[in-house]
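The values are calculated or read from the model by the stated rules, or taken from the named source; none is laboratory data. Since this is a predicted model, take the numbers as computed values, not measurements. So basically every Cβ, Gly included, is an ideal-geometry build from the backbone, and we count neighbours across all protein chains shown.
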Amino acid sequence: MSDAKILSQSDRHQIGATLKPDALTLTLQGLINEDFNPDAVLQAIDAMSPKPKIVRLDTLTVERFNSVGLRAWAIFIRDLESKYNVVFSIVGEALIEQADIFPAVFGRKKIVAEHFVAPYLCGGCGQRFFMKLKPTDVNPLLPALDQRHPGCPKCSTPADFDTDEETLIAFLRKL
Amino acid sequence: MLKPMILLASKVAEDRVFAEEAAGAAGFDLVMTDDPQEARTRVLPDGRTILLVGVDNLQDVVDFKSHFGEVIGEGSGKLSPCFVHLIGTCGEEEISEISESNLFANYVLRMPDQAAEAGRYYGRIIHQVSLKKDTELDGIVPPPGQVESVRLNHSSDRAKALDQIQERLKARGDVHERVIHTIINAIDELLMNAIYDAPSDEGGDQKFRKVARTVPIDLTGKHTVELRMFLGADYLAFTVIDSFGSLKRNEVLKHVLRGYELKKYEAGTQAGAGIGLANTFHVGGSLLFVSELGQKTEATVVFRKTGTYKEFKKQFRFISIRTHRA
């Protein structure tokens, strides 16, 4: 049984919440900017019954954070992890992008991430898509992400890794 | 009229390639040496010298300061910092030393594998920052393309302008979505700086700095913000102009360069602390600022359009901060 609701919403972003007995999942979408109010979201979580022990964060569909949104998010994570066990169910590209410049967006503790995404670009049709990976999918026994060429979901052409390795490495180091 | 002269002082081979291409593109004479002491003797006394200095480590920065400290400055017979370009790698050890120096206005991030191409492009920038007082987008961005301008008369116009640019970039079909988000973020930061950080009273207090970005503000009179854009075939450039001229050169430089290499931004960092500009530079944007104290600041971001996001993030970039008294 689950209870789904919207914790925060504007015409540019939405934070949905699904409460199950074991955990609360927050799903973020769109632009995280000044409309994101970390205190209001945290208060809404605190008011939930039963109170979740784990808060899972799905940031796959966050398009971008502006600097005001980044600061608000960093404060939100800091306060959230002081009260709950925080798990990133999936870390999207917009958040990974911050790993080597503003690591506070992942909180102060070691990041617990179930999945993250690696972007690939199809040279055939131009489609950009994500491979959903577990942290254990990246290890010395497997090819590096830029050596992998998954088939494009649209045209099956082998695609190329499409971000700088340093950013993903910076993120993976925090796991 | 005698041509300006580019004088390169650098031990790095790629800097020579860069300087040769830049001089060729700018149409300027070129002198190169790997000895900063010799370079100092080659500075022309008539203000025609554009100095490029390669700095690779802390000692290079110390040497730069000691060799050129007395010849660079605002006084007559001195080489203006606007004519001085440091070429470096944003290395951790030298950045704080560089950020506190007032001896240069331009910092170029060295890209050894792109030295020739970057040099050809940077020749345009050298020409612009040496010979032009204001930032002319059609001067710093290669044609084809044209400059367009919109005025923001209310803080809510910021989102509208960003939406319009986002739609136009999407409609082009040749700019990837991740790149579009990156570009929109960069423009957003420049607009927020102009709307909320730039306005200052006679005492220098920034009246809107601590105002929540959700609070509506009329941008009339001196508060009006102008956004210029150049959506070229190969480059995309945007200038945001405010009428306050309150740019703090060393603060901007410190944040942008520190953000490139050091990892020190923490939760609780105050608004206006430069994360947005640091992010812009970090993801590939070049930044040019021209500020006339108390009159206006022109803040420009330039991106090269690339085929992939990977190339986009590894593109050549620089920061130029010129401040003038009106």
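Summary of computed values
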read-out: Positions within region A:37-69 being assigned to a helix (DSSP H, G or I) and in contact with a helix residue (DSSP H, G or I) (Cβ under 6 Å, 6 or more places away or on another chain), in sequence order; value: A:Pro38, A:Leu42, A:Ser67
read-out: Criterion (at pLDDT below 95, surrounded by 14 or more Cβ atoms within 10 Å (Cβ to Cβ) and out of contact with any Phe, Trp or Tyr (no Cβ under 9 Å at 6 or more places or on another chain)) met by exactly one of B:Glu136, B:Glu93; value: B:Glu136
read-out: Candidates B:Ala186, B:Ala194, B:Ala171, filtered to the one that is surrounded by fewer than 21 Cβ atoms within 10 Å (Cβ to Cβ) and either outside any loop (DSSP other than H, G, I, E, B) or facing another protein chain (nearest Cβ under 10 Å) (or both); value: B:Ala171
read-out: Out of A:Ser8, A:Ser82, sole residue that is of a type in the set (Ser, Thr, Tyr), touching a residue at least 12 places away in the same chain (Cβ under 8 Å) and within 14 Å of chain B (Cβ to nearest Cβ); value: A:Ser8
read-out: Among (1) free of Cβ contacts under 8 Å to residues at least 24 places away in the same chain; (2) assigned to a helix (DSSP H, G or I); (3) of a type in the set (Gly, Ala, Ser), the one test that B:Gly75 misses; value: (2)
read-out: Residue match in region A:20-29 (condition: more than 10 Å from every other protein chain (Cβ to nearest Cβ), crowded, with 20+ Cβ neighbours inside 10 Å, assigned to a strand (DSSP E or B) and over 13 Å from the mean Cα position of the chain (by Cα)); value: yes
read-out: Options B:Arg158, B:Arg151; residue that is more than 14 Å from chain A (Cβ to nearest Cβ), over 21 Å from the mean Cα position of the chain (by Cα) and touching a residue at least 24 places away in the same chain (Cβ under 8 Å); value: B:Arg151
read-out: Residues of region A:130-147 that turn out to be within 14 Å of chain B (Cβ to nearest Cβ) and buried (at least 16 other Cβ atoms within 10 Å of the Cβ), as a count; value: 3
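Conditions tested, residue by residue: (1) of a type outside the set (Val, Ile, Thr); (2) within 20 Å of the chain's Cα centre (by Cα); (3) modelled with pLDDT under 90.
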| site | (1), (2), (3) |
| --- | --- |
| B:Leu52 | yes, yes, no |
| B:Asp63 | yes, no, no |
| B:Glu70 | yes, no, no |
| B:Gly77 | yes, no, yes |
| B:Cys82 | yes, yes, no |
